[in-house]
1. Net charge within 9 Å of Pro192 by Cβ-Cβ distance, Lys/Arg positive one each and Asp/Glu negative one each, not counting Pro192 itself?
2. Rg to Rh for the stretch 194-274: what is it, with Cα atoms only and Rh by Kirkwood?
3. How about the stretch 237-335: which chymotrypsin sites (Phe, Trp or Tyr not before Pro) there are in a DSSP loop, with at most 14 other Cβ atoms within 10 Å of their Cβ?
4. For the chain, what Kirkwood radius comes out of the mean inverse Cα-Cα distance, in Å?
5. Going by Cα centres, the stretch 98-120 and the stretch 284-339 are how many Å apart?
6. So in the chain, what percent of DSSP beta bridges are antiparallel if you round to the nearest 5?
7. On a C-alpha basis, how far is the centre of the stretch 219-260 from the centre of the stretch 361-403 in Å? Whole number, if you could?
8. Rounded, prolate or oblate: pick one for the stretch 145-197, where a ≥ b ≥ c are the square roots of the eigenvalues of its C-alpha gyration tensor, a/c under 1.5 means rounded, and failing that, prolate if a/b is larger than b/c, else oblate.
Amino acid sequence: MARRGDSPMRLRITRFIPWAAMLGTACTVNDPVATLHSPDGGSDIPDAWAEHCADSGPPLLLGDPASVPLLCSGQLAETLFRRAACSCEGLSLSAPFSVDAFRSSVGPYAPGGTGGDVGVNGSLSANDRVTVGGSLQVGGVQLSRPLTVGGSLHSNGPLSGPGTSATVAGDARVNGGVALAALTVGGVLTVPPEFSPGPARASELRREPVPPVTPCDCANGSRFDPAALIAHHSVDNDNAAIDLDPATLEGVTGERVLELPCGRFLLTRIAGPGHATLRIRGRTALFIPGGVDLVEALTVDVQPPGELDLFLAGGFIVSGQLTLGSAALPSRVRVYVAGTQPLDISAGSTLAGNLYAPQAQLNLSGNAEVFGSLFVRHLEASGAIQVHHDADVLNAGAACPAG
């Protein structure tokens, strides 16, 4: 079994993986399936396992079948990452904020793509320009610079900003008064009779009640809880199948690389003064109950046919550079964080994946460009933010079993 400080070695399978067999695929005994090595130790996954993992391997089914129906990881992703950005609280912006969308299966990101929805359960307060390529659902809006919405707008409160303007390409529903220098709506503008539409121009003005909207499901008891899956798969996992010691990446010094195949695996913690790299080439779920605490760097390298669903508790701290996924394929990386500890992303990091942390505050240093999506309790940034939603995540459940 691989342990800290071991020299490069092959990890070998010692039993069949029950969930893979259940889905009609199995592994041959003694197939090499994972590699733990130093930078010069080689990294190729053997052909036999590569064949097993064709098209990313069998769909990952998560949870305890004795208590609840199994959850397919792809369906979870396409449910939680429908928007480019979701904030459980208000959103205060002091620098430009822009959101658009693309499909990585069609080609690399190019500016100007349509789509990219944003949800803010509280109010949006912006001291600089805000551009949303898709729809915007929000608790209320306070502007100091122009707002542009490429889809529809639904606000639970007023639109305020006497010296600025807003443009909405689709319909707009505003449960409050419009106190802007100008509001241009390409579709229908709906404002309750007791409020003023102000200087709005629209294809049609309707004076009727506007029902409230809660775009992001953040409530206790109804939101998805990563902690439950982490607890279950801390016991029910495929570590034994590849002789993977869950403590392998504790006390990381220098550079350590862990390559994982298809399956559901446990690492108790990733921590140390060094640089850890996770290399994923199959459909993989990784559970880390003790969280991440690295000084130098963390690299999460996911390339086709790989996909990673990363579930962690106990904090996510990378003092140095974080490289999460690839800007060319962000829909293949999904990170689910349990707990309330803040998430700090240092300047120069690459965030190319989908982050779900509904109880945590995300702090972005400097200007930040995100490829994927953000679902957080609160977002703080010291510079401009760009979010490019990879709409391919909306089809992540295509391979999941029916029902």
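1. On the way: positive: Arg207; negative: Glu194, Glu208.
Overall, the nearby charge balance is -1.
2. Values: Rg = 25.3 Å, Rh = 18.2 Å.
Value, to two decimals: 1.39.
3. Values: sites: Phe265, Phe287, Phe311, Phe316; in loops: none.
For chymotrypsin sites (Phe, Trp or Tyr not before Pro) across the stretch 237-335 that sit outside H, G, I, E and B with at most 14 neighbouring Cβ atoms in 10 Å, the list is empty.
4. Working: mean 1/r = 0.0450 Å⁻¹.
Answer for the chain: a Kirkwood hydrodynamic radius of 22.2 Å.
5. Each part's Cα centre sits 22 Å from the other's.
6. Numbers: 9 of 124 bridges.
Antiparallel: roughly 5 percent of the beta bridges in the chain.
7. Answer, in whole Å: 22.
8. Numbers: a/c = 1.82, a/b = 1.06, b/c = 1.71.
Oblate is the answer for the stretch 145-197, as a/c is 1.5 or above yet b/c matches or exceeds a/b.
The values are calculated or read from the model by the stated rules, or taken from the named source; none is laboratory data. These figures come from a predicted structure and were not determined experimentally. Counting neighbours? That spans all protein chains shown, and the Cβs are built from the backbone with ideal geometry, glycine included. The area values use the complete protein model at the heavy-atom level, side chains included, leaving out ligands, DNA and RNA. Shrake-Rupley method; radii C 1.70, N 1.55, O 1.52, S 1.80 Å.
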